[in-house]
Amino acid sequence: MGNIDDEVAKLCLDKYASLKKTGKPSENEWTVLSGVVLQKVSKKLCVVSLCTGTKCLSGMELRNTRYEERGDRLSDSHAEILARRAFLRYLYNQIELLIRNQKCDIFYLEDNKVKLNDVSFYFYSSQTPCGDCSIIPKLSNEFDDSASSCKRIKRESIDIEVEYGLKVTDIYRTGAKCVESENRQDPRKDGVNYHLVGPLRTKPGRGDRTLSLSCSDKIAKWNVMGVQGALLSLMIPSIRFERIIIGGGCPYSFESMQRGISRRFDTKIKHPIITQSKLSFESRKHGCLRCKPCPSSIVWCEVPERQIEIAVNGIKQGATKKKKNSSSLLISRKELFKTFLRVYDMLFDAKQLQHPKKIMYFHYKQYSLCYQNLWKDTLKVFHAWPVKPLYLQECLSF
Ligand SMILES: [Zn+2]
C-alpha cells in the first residue's frame, strides 16, 4: 500500500474484522474503533491494542458507586480511552517479558534501567475525537465522503473567526460542554458562532454531566505527559504517539485536530503528525442506517492471557452482583494497580522498597514525583483541568 497511515488503519480494521461478533454493534448501531499500532525495530507494523466504545458514566452514576467498588468500574468507555488503557496492559506485559529474559519487542535493560528500543507508536481512531477537535467548519450541507475539509478556524477569545477560501456558514458541533472551571462558555449563537474553540470540555452525554474530560483533552494530555501515566513512569521512559490517524468518511479537519491536540495550549508543545486515512470503518456513525450508539465495548490487547474482554457500563458484560470480584475489567483502575504492584515488585528488589500494608492508589501516583512535577508545569498550560475528587483517585489495596 505504501502509505503508512492507510497501512495503520487497515491493520486496525483487519484486526477488528478478525474478532468474534460478541460486543460488536448490531446493524442499526454505531461505534468508534481505536487502536495503538507498534512499529518494531524491523519497521514491521503490528496492532498492540484495539477497542470499541461510545459510552461514559454520568457523574451521578459514579457518585453512587459503593466505596468497595471504587476503582472497579470504568467511568469513561470511549474507544480512545479504552485503547490507551489496554495499551497500558500491553506495556506491563512487555516489562514482564523483559524481566524474564523473554522476547520483548519494545524495551531493553541498561544500567538497571528500562530503556525504549528504536520503535514508534501510532494511534488510530475511526472518527475525530469528541471535544475541541470535533469543532470543524462545514463547507456544505452534505458531507462529502471523499473530501476532507481543511479550512482554517482561527482561535479568538470570544468568537470563532474563520479564514476561508470557500464560504463557511456553519460548523460541526460537539455535545461536549466547557468545563465549569473554564471562565468561558459557548455563546451558542447561530452557525459558526455556536462554540468557542480552545476550552477544556467534559464528555457529551444526556442527563447528569459526566466528570470525564473529552477525548480531545485527554489525547492532548497524553501528547504532553506521555501515554504511560504516573504509575508506569516509575519504571519506563515516557511514550508518545508519533502519529494520530483518523478514519475516513467522517467530519475531519487537520486544523481542528491540531488545535485540539496541541496548538490551543502552547505553541511550544510538540505536534504529533496528524492525518486522515482514506479507509473508513463500516460501523461508524452514518445517517439513519446506524443511528444508535452501541452500548457494549470490545477491549483487546496483545498479551499472552485474556486478550479480550467485553464491557458494558464500565464493567464486564454479564457480570452480576452475586459473583463477587468478577465484574471488574483488567483495564480498570483497580486491576491495573494490582498489575503495577506485581510488576513493580518484580522489577525492583522487594527489600529496597517495602509496600505499606494499605496503600492508596492516589499515594502511588503522588510518589511518581517526576511525573507529578511535569504535570504541575503542564497545568500552567492546562490551567482549567479539573482536579478529580479523591474518591475517584483511590482504590483499596490487596
Ligand atoms: Zn470521546
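The values are calculated or read from the model by the stated rules, or taken from the named source; none is laboratory data. Computed from a predicted model, the values in this text were never measured in an experiment. Using ideal geometry, Cβ is built from the backbone for each residue, glycine included, and neighbour counts are taken over all protein chains shown. Heads up: the accessible areas ignore ligands, DNA and RNA and are worked out on the full protein's heavy atoms, side chains in. Shrake-Rupley method; radii C 1.70, N 1.55, O 1.52, S 1.80 Å.
The numbered conditions (1) within 16 Å of the ligand (Cβ to nearest atom); (2) open to solvent by 10 Å² or more (accessible area, probe 1.4 Å); (3) under 19 Å from Phe241 (Cα atoms) are all true for Glu80 except (2).
Contact annotation: residue pairs with Cβ atoms under 8 Å, 6 or more positions apart or on different chains, pairing a residue in the range 228-246 that is within 15 Å of Arg85 (Cα to Cα) with a partner that is in a loop (DSSP other than H, G, I, E, B) and among the aliphatic types (A, V, I, L, M), are Gln228/Ile236; Gln228/Ile239; Ile239/Val227; Arg240/Val227; Phe241/Val227.
Would you check if Arg63 is over 18 Å from the mean Cα position of the chain (by Cα) and over 25 Å from Cys104 (Cα atoms)? Quick ask: steps written out before the conclusion?
Working: over 18 Å from the mean Cα position of the chain (by Cα): yes; over 25 Å from Cys104 (Cα atoms): yes.
Answer is yes for this residue.
Taken over the range 339-376, the criterion of being farther than 15 Å from Leu234 by Cα and either in contact with a Lys or Arg (Cβ under 7 Å, 6 or more places away or on another chain) or at pLDDT 80 or above (or both) is satisfied by Lys376 alone. For the range 225-249, the candidate set comprises residues that are in a helix (DSSP H, G or I) and either among the small types (Gly, Ala, Ser) or open to solvent by 10 Å² or more (accessible area, probe 1.4 Å) (or both); within that set, the residue that is nearest to Leu279 (Cα to Cα) is Gly229.
Within the range 254-274, the residues that satisfy the criterion of being among the polar types (S, T, N, Q) and surrounded by 20 or more Cβ atoms within 10 Å (Cβ to Cβ) are Ser256, Ser262. Within the range 298-331, the set of residues being over 23 Å from Arg100 (Cα atoms), of a type in the set (D, E, K, R) and either open to solvent by less than 80 Å² (accessible area, probe 1.4 Å) or modelled with pLDDT of 90 or more (or both) comprises Glu309, Lys316.
Criterion first (modelled with pLDDT of 85 or more and in a helix (DSSP H, G or I)) does Leu379 satisfy it? Judged against the criteria, Leu379 is not a match.
If only one of Lys334, Lys388 is closer than 30 Å to Cys56 by Cβ and modelled with pLDDT of 85 or more, which one is it?
Numbers: Lys388 fails: modelled with pLDDT of 85 or more.
The match here is Lys334.
Of everything in the range 167-213, what is small (Gly, Ala, Ser) and within 16 Å of the ligand (Cβ to nearest atom)? Give them in sequence order.
Looking only at the range 167-213, we keep the residues that are small (Gly, Ala, Ser), and these are 175-176, 181, 191, 198, 205, 207, 212.
The answer is Gly175, Ala176, Gly205, Ser212.
The numbered conditions (1) more than 14 Å from the ligand (Cβ to nearest atom); (2) open to solvent by less than 30 Å² (accessible area, probe 1.4 Å); (3) assigned to a loop (DSSP other than H, G, I, E, B) are all true for Glu27 except (2).
Looking for whichever is open to solvent by 60 Å² or more (accessible area, probe 1.4 Å), within 16 Å of the ligand (Cβ to nearest atom) and among the charged types (D, E, K, R) here; the options are Lys10, Lys55, Lys43. Which one fits?
Being open to solvent by 60 Å² or more (accessible area, probe 1.4 Å), within 16 Å of the ligand (Cβ to nearest atom) and among the charged types (D, E, K, R) holds for just one of Lys10, Lys55, Lys43, which is Lys55.
Just checking, how many residues over the range 214-224 are open to solvent by 10 Å² or more (accessible area, probe 1.4 Å) and near the ligand (Cβ under 10 Å from one of its atoms)? I'd like the intermediate steps shown before the answer.
Residues of the range 214-224 open to solvent by 10 Å² or more (accessible area, probe 1.4 Å): 218, 221-224.
Then drop every residue that is not near the ligand (Cβ under 10 Å from one of its atoms), which leaves 218.
So the count comes out to 1.
Taking the conditions (1) in contact with a helix residue (DSSP H, G or I) (Cβ under 8 Å, 6 or more places away or on another chain); (2) acidic (Asp, Glu); (3) modelled with pLDDT of 95 or more in turn, Asp72 satisfies each one other than (3). Give me the residue from the range 110-135 that is at pLDDT below 90 and part of a strand (DSSP E or B) and, out of that set, farthest from the ligand (Cβ to nearest atom). Selected residue: Glu110.
Condition test on Ile269, is it farther than 30 Å from Asn64 by Cβ and either within 16 Å of the ligand (Cβ to nearest atom) or among the charged types (D, E, K, R) (or both)?
Numbers: farther than 30 Å from Asn64 by Cβ: yes; either within 16 Å of the ligand (Cβ to nearest atom) or among the charged types (D, E, K, R) (or both): no.
Answer is no for this residue.
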